[in-house]
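Only one structure is covered here, and it is reproduced in the block below.
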Amino acid sequence: MATFRERFETRMTQWLNNEKSDTEVFPLDYDRVRAYLWSSVEARKTEEASSNITLFGGANYRALGSDNYNNMLRKRECCTGCVETYKLENLSMCVECDRVYCYRCADSSCFCDGELVG
């Protein structure tokens, strides 16, 4: 299975090749949130293509919609580590899988070795 970075880059390339069409962003809301959050972190790491990464992350956010994004952040989720519930806005999410972690359980990576964002 392709990593999130590979899936992101494939989608971003399709998006760029199709004149930044809104139909080429991630189709699922949860993936759009991950893309938006990951792009914010990734764009700070490197100057290479950071503008495209940031633009594509923003396109996913716009496709998601600010109201939907805010509603998702208010949704309560269970931390994978301690199983306590928190609002999603207070959890870090893995870009590779659906695991989420609270501030106490979050490390630099997930059990699957995926990067945590949020």
Open item on the list: G81 - would you say it is surrounded by 18 or more Cβ atoms within 10 Å (Cβ to Cβ) and touching a strand residue (DSSP E or B) at 6+ places or on another chain (Cβ under 6 Å)?
Closed with: no
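Among the residues of the stretch 49-64, which ones are open to solvent by 20 Å² or more (accessible area, probe 1.4 Å) and within 18 Å of D29 (Cα to Cα)?
Restricting attention to the stretch 49-64, the residues satisfying the condition of being open to solvent by 20 Å² or more (accessible area, probe 1.4 Å) are 49-52, 54-55, 61-63.
Of everything in the stretch 49-64, those that are open to solvent by 20 Å² or more (accessible area, probe 1.4 Å) and within 18 Å of D29 (Cα to Cα) turn out to be T54, L55, Y61, R62, A63.
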- [ ] Tell me, yes or no, whether the stretch 4-11 has at least one residue that is in contact (Cβ under 8 Å) with a residue 24 or more places away in the chain, open to solvent by less than 40 Å² (accessible area, probe 1.4 Å) and over 24 Å from C105 (Cβ atoms).
- [x] yes
- [ ] Out of the residues in the stretch 20-36 that are within 18 Å of S92 (Cα to Cα) and either open to solvent by less than 30 Å² (accessible area, probe 1.4 Å) or not aromatic (F, W, Y) (or both), state the one that is nearest to the chain's Cα centre (by Cα).
- [x] R34
TODO: Report whether or not N52 is outside any strand (DSSP E or B), polar (S, T, N, Q), in contact with a Leu (Cβ under 8 Å, 6 or more places away or on another chain) and more than 17 Å from V117 (Cα to Cα).
DONE: yes
Open item on the list: Taking the conditions exactly as written (part of a helix (DSSP H, G or I), more than 13 Å from F8 (Cα to Cα) and open to solvent by less than 70 Å² (accessible area, probe 1.4 Å)), does Y69 satisfy them or not?
Closed with: yes
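Out of S39, S50, report the one residue that is at pLDDT below 95, under 20 Å from C94 (Cβ atoms) and not aromatic (F, W, Y).
Numbers: S50 fails: under 20 Å from C94 (Cβ atoms).
The unique qualifying residue is S39.
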TODO: Out of the residues in the stretch 79-118 that are modelled with pLDDT under 90 and of a type in the set (G, A, S), state the one that is farthest from S39 (Cα to Cα).
DONE: A106
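On the basis of being surrounded by 12 or more Cβ atoms within 10 Å (Cβ to Cβ), in contact with a Lys or Arg (Cβ under 9 Å, 6 or more places away or on another chain), in a helix (DSSP H, G or I) and not aliphatic (A, V, I, L, M), does Y86 make the cut?
no
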- [ ] Those residues that are more than 12 Å from the chain's Cα centre (by Cα), open to solvent by less than 30 Å² (accessible area, probe 1.4 Å) and under 22 Å from F8 (Cβ atoms), I need them from the stretch 101-118; list them, please.
- [x] Y101, C110
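The values are calculated or read from the model by the stated rules, or taken from the named source; none is laboratory data. Small disclaimer: the values here were computed from a predicted structure and weren't measured. Heads up, the Cβs are rebuilt from the backbone with ideal geometry, glycines too, and the neighbour counts pull from every protein chain shown. Areas reflect the complete protein model, heavy atoms only, side chains present, ligands, DNA and RNA absent. Shrake-Rupley method; radii C 1.70, N 1.55, O 1.52, S 1.80 Å.
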